[in-house]
Structure formats: C-alpha cells, structure tokens
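Written out below as structure tokens is the structure these notes cover.
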Amino acid sequence: MKKQLIFLDTETTGNDLEKDCLCQVAYKKGEKMTVQNFKPTIPISTKAMSVTHITNKMVENEKAFKDSKFAKDLEGILQKNILVAHNAKFDIAMLQNEGLKISDSVICTLRLARYLDSEQEVPEYNLQFLRYYYEVEVQVVPHSADGDVIVLEAVFNHLFADAQEKAPNASEEEIIARMIDISNNPVLIKKFNFGKYNGEKVEDVAIKDRQYLAWLKRTKDEEGTDEDWIHTLEHYMK
C-alpha cells in the first residue's frame, strides 16, 4: 500500500481557511516530485512571505490554481491514492476551497505523531521540530513546499517504523489502514505543551482553572484548524 501514498504540502497566502488560497503546491509519488507556483486570487501576506519566501512578484505571471491542468491531474491522483500531509485538515481545506474533491483516504502525520506519543514526551509536533527530534536525515531546500514534502516523507517513515514496532505482527496494509482510521478521528491530548500550564496534565488544569480551558476552547473554535485540541477541551470540560 505504500505505493499508493501521495506526500503533499501547500504554501498559501496566509492561514485563514475562509479567505486565503494557494500559491505553491508540491506532491511526491514514489520517486517523482511535482511542484508548481500559482498566482493567488489575493496577495500573499507579508507574514506568509516571511515564512515561505514566496513573494507576490514571484507568482505574478503564474497561472491560477483553480481549473488548471495541475489541479485536474492532482484531483485524479488523490481520488485513487492515499494523501499524506502534516496537519492534513489545513491542506485539504485549501484544496477544497479551490474546488478539488478529496477522498477519505488521508493520513495526517501531526495526528499520528500525537497518537503514537502515548506519554507525550515530544515537546512540539510541528513538522520541522519532528524532523530534528526524530533525527531523520534529509537534504532539502528550506522554506519550500517540495522541501517540506521530503521532510514529510521522512517523518512518515519514522512514524511507520514506530507503528511496526508497537504492532510487530501487523501487515503493511493493516498499519496503513489503522493510520487512516487514526487520522480521521480526533486524538485526546493529555498534557499542555504551551502556555502558562506547559507540561501539566489537561485533566488537572480542568479542576483548578476551568476558565482557562473555556478561553482556550473559544480561541481554538475561532481558529477552526485543531480538532484534537477542541475534542480534548470538550472532553475535559464535561
């Protein structure tokens, strides 16, 4: 089933799921990497440019993503294969905003990293942090969608090996099926890895400072991109 994996990353004009859009997409199937820039319907924000180093001038002569041959080809590939992305909800939302239909066969490495870290020993779960925490060796151009795809694949391979170690009798097909199932359901987070309660258990904070959890839930609801935290806060506030 590994032959069906499509490792994908998007670069966008910003992080607002309602107004922002794509300016670069990269995906890798097997040994083939495909990457292309696009002219977005709104300007790339200064904040996004500071992260991706993709400027409005760089994309002013590019085609729009929507209705492009690239988009049609990608949709066909994603319908027949398994999408792998970090914080897949965000990438999927951006692709769907452009009119793409995405199948339910999705693996989110962010959610997998949280799930497999049962004792919550990993301080952070962003892709580049996991790259160095897991000590995966890759040579990439930083701040690019194709570079992130290479890191994504390396992080996925680490997580797959971890899953194999935890379930030595499971087949490759069974592990990937389980990864898809985990990715489609919120993960319960046990400890804070940020803020004034960093390192403390969520259930303990729920007892001593319920107002903080209520405030955090309102914040996460407004952002709308972190189902794991929303699920966790709802669980402990019952």
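What follows is calculated from the coordinates using simple rules that are stated; it is not laboratory data. Values in this document were obtained by computation on a predicted structure and should not be read as measured data. Because the Cβ atoms are built from the backbone with ideal geometry, glycine has one as well, and the counts that use them run over all protein chains shown.
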Worksheet item: Suppose every K and R has +1 on its Cβ and every D and E has -1 on its Cβ; what is the size of the dipole of the chain about the Cα centre, in Debye to the nearest 20?
Response: 400
Worksheet item: Any idea what the dipole of the range 1-133 comes to, in debye rounded to 20, about its Cα centre with Lys/Arg Cβ at +1 and Asp/Glu Cβ at -1?
Response: 500
Worksheet item: Tell me, how many Å apart are the Cα centres for the range 62-111 and for the range 163-238?
Response: 24
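Can you give me the relative contact order of the range 74-183 as a percent, contacts being Cα pairs under 8 Å and 6 or more apart?
Details: 102 pairs, mean separation 30.1, N = 110.
Across the range 74-183, relative contact order equals 27 percent.
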Discussion item. Would you work out the Kirkwood radius for the range 186-238? I mean one over the mean of 1/r across all pairs of different Cα atoms, in Å.
Written reply: 10.9
Worksheet item: For the pair Met1 and Glu119, how long in nm is the line joining their label points, each one 7 Å along Cα→Cβ?
Response: 2.8
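What share of the DSSP beta bridges in the chain is antiparallel, in percent to the nearest 5? List each step's numbers first, then the result.
On the way: 13 of 19 bridges.
For the chain, the DSSP antiparallel bridge percentage is about 70.
What is the dipole size for the range 100-226, taken about its Cα centre, with +1 at each Lys and Arg Cβ and -1 at each Asp and Glu Cβ, in debye to the nearest 20?
On the way: 15 positive and 24 negative charges, 135 e Å.
Rounded to the nearest 20 debye, it is 640 debye.
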Worksheet entry | Proximal aspartates and glutamates relative to Lys3, as straight alpha-carbon distance under 15 Å, when same-chain residues fewer than 8 apart are discounted | Glu31, Glu153, Glu172, Glu173, Glu174
Worksheet item: Mind listing the Cα extents of the range 1-109 along all three principal axes, in Å, largest one first?
Response: 40, 25, 24
Worksheet, complete the sentence: Expressed as a whole-number percentage, the relative contact order of the range 1-75 with C-alpha contacts under 8 angstrom and at least six residues apart is 25
Response to the item:
Contour minus Cα-Cα span, Ser68 to Ala177, at 0.36 nm per residue, comes to 36.1 nm
Worksheet item: If you line up the Cα atoms of the range 2-185 on their principal axes, what length do they span on each, largest first, in Å?
Response: 52, 33, 30
Discussion item. Within a 10 angstrom radius of the beta carbon, how do Ser118, Ser183 rank from fewest other beta carbons to most?
Written reply: Ser118, Ser183
Discussion item. Set the bar at 23 Å for Cα to Cα. Now go through Lys57/Lys89; Lys66/Lys89; Lys19/Lys63; Lys29/Lys57; Lys191/Lys238 and name every pair that lies beyond it.
Written reply: Lys57/Lys89; Lys29/Lys57
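Let's test the formula: R0 of 30 Å, r as the Cβ-Cβ distance of Asn61 and Asn15. What FRET efficiency results, to the nearest 0.05? Provide the component values of the computation, followed by the final result.
Numbers: r = 25 Å, r/R0 = 0.84.
Efficiency, rounded to the nearest 0.05: 0.75.
Report the relative contact order of the range 186-238, percent, no decimals, based on alpha-carbon pairs under 8 angstrom and at least 6 residues apart. Walk me through the numbers on the way to the answer.
On the way: 48 pairs, mean separation 21.8, N = 53.
Relative contact order for the range 186-238 comes out at 41 percent.
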Discussion item. Over the chain, with a Gaussian network built from C-alpha contacts below 10 Å, which listed residue (Glu227, Glu172, Glu31) shows the highest mean-square fluctuation?
Written reply: Glu31
